[in-house]
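Have a look at the structure below before the remarks.
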Amino acid sequence: MVRPMKNIASLCVYCGASNSADPAFLDAASRLGDLMARNGIALVYGGGRMGLMGRVADAVLAGGGQVTGIIPEHLYRIEVQHEDVSDLVVVQTMHERKAEMFRRSDAFCVLPGGIGTLDEMVEIITWRDLQLHDRPVVVVNQDGYFTPFRTLLDHMIRHRLAHPRVAGHLTWVHGVEEVLPALAVEPAPCRPARPERI
């Protein structure tokens, strides 16, 4: 019997850091942060203060929620960090950042972003495919933003360069209001995470 994932203490959100992003995407990040705070779900994210990253963090904080930012030292030195987060963790490298975000999170959510967000999304899917974790990954395909990626993934599967199971590693939703309900019905992780292998 599959046990649904009813209780999530912390959600890792991958998203863009550009203030020039579509206002609808920025607004969506704020709405997700508000929903997380209202439901007592802590945010784990990349530690930035700009773009969707800043919006989701600000909204969680405004709602009285907990925010943990993980930022590599080279970005901290150029002062792009969010100084008001509950806990700001400075690490040495980008890889350490991703590993620490993974370690602190019960599930993952992907909002629109650029190449860095794509890198984070692909890596967390790869780790799942390699059976390093079985935590849920929800992709918010707002306004079809990630449709080209979904098409590419289908293309890889069709050409037998990715296993069909990879498609099942992602849960697709159309808006941030669907994220928490989608996570609530995901199977609860049953495989112990092995962060030392990441």
Count, please, the residues in the stretch 114-127 that happen to be touching a helix residue (DSSP H, G or I) at 6+ places or on another chain (Cβ under 8 Å), more than 15 Å from Gly47 (Cα to Cα) and either hydroxyl-bearing (Ser, Thr, Tyr) or open to solvent by 10 Å² or more (accessible area, probe 1.4 Å) (or both). 4
Number of the exception - Thr147 against (1) open to solvent by 20 Å² or more (accessible area, probe 1.4 Å); (2) touching a residue at least 12 places away in the same chain (Cβ under 8 Å); (3) of a type in the set (Val, Ile, Thr): (2)
So, first residue in a helix (DSSP H, G or I) in the stretch 170-186, second residue small (Gly, Ala, Ser), Cβ within less than 8 Å, six or more apart or across chains; the pairs are Val176/Ala28; Val176/Ala29; Leu183/Ala107
Somewhere in the stretch 23-41, is a residue open to solvent by 30 Å² or more (accessible area, probe 1.4 Å), within 26 Å of Leu170 (Cα to Cα), acidic (Asp, Glu) and not in a strand (DSSP E or B)? yes
Which one of the conditions (1) part of a helix (DSSP H, G or I); (2) among the small types (Gly, Ala, Ser); (3) in contact with an Asp or Glu (Cβ under 8 Å, 6 or more places away or on another chain); (4) over 27 Å from Pro187 (Cβ atoms) does Gly69 fail to meet, given that it meets all the rest? (1)
Pull out all pairs, ordered by first then second residue, where Cβ-Cβ is under 6 Å, the residues are six or more apart or on different chains, the first lies in the stretch 130-141 and is farther than 18 Å from Ala188 by Cα, and the second is assigned to a strand (DSSP E or B). Val140/Val173; Asn141/Trp172
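Rundown of residues vs (1) under 13 Å from the mean Cα position of the chain (by Cα); (2) charged (D, E, K, R); (3) assigned to a helix (DSSP H, G or I), yes/no style:
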{"site": "Val44", "(1), (2), (3)": "yes, no, no"}
{"site": "Leu52", "(1), (2), (3)": "yes, no, yes"}
{"site": "Ala57", "(1), (2), (3)": "yes, no, yes"}
{"site": "Lys98", "(1), (2), (3)": "yes, yes, yes"}
Pick from the stretch 152-164 the residues that are touching a helix residue (DSSP H, G or I) at 6+ places or on another chain (Cβ under 7 Å) and in a helix (DSSP H, G or I): which of them is nearest to Ile124 (Cα to Cα)? Leu153
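The values are calculated or read from the model by the stated rules, or taken from the named source; none is laboratory data. No experiment lies behind these values; they were computed from the predicted model shown. Heads up, the Cβs are rebuilt from the backbone with ideal geometry, glycines too, and the neighbour counts pull from every protein chain shown. The accessibility values were calculated without ligands, DNA or RNA, using every heavy atom of the protein model including side chains. Shrake-Rupley method; radii C 1.70, N 1.55, O 1.52, S 1.80 Å.
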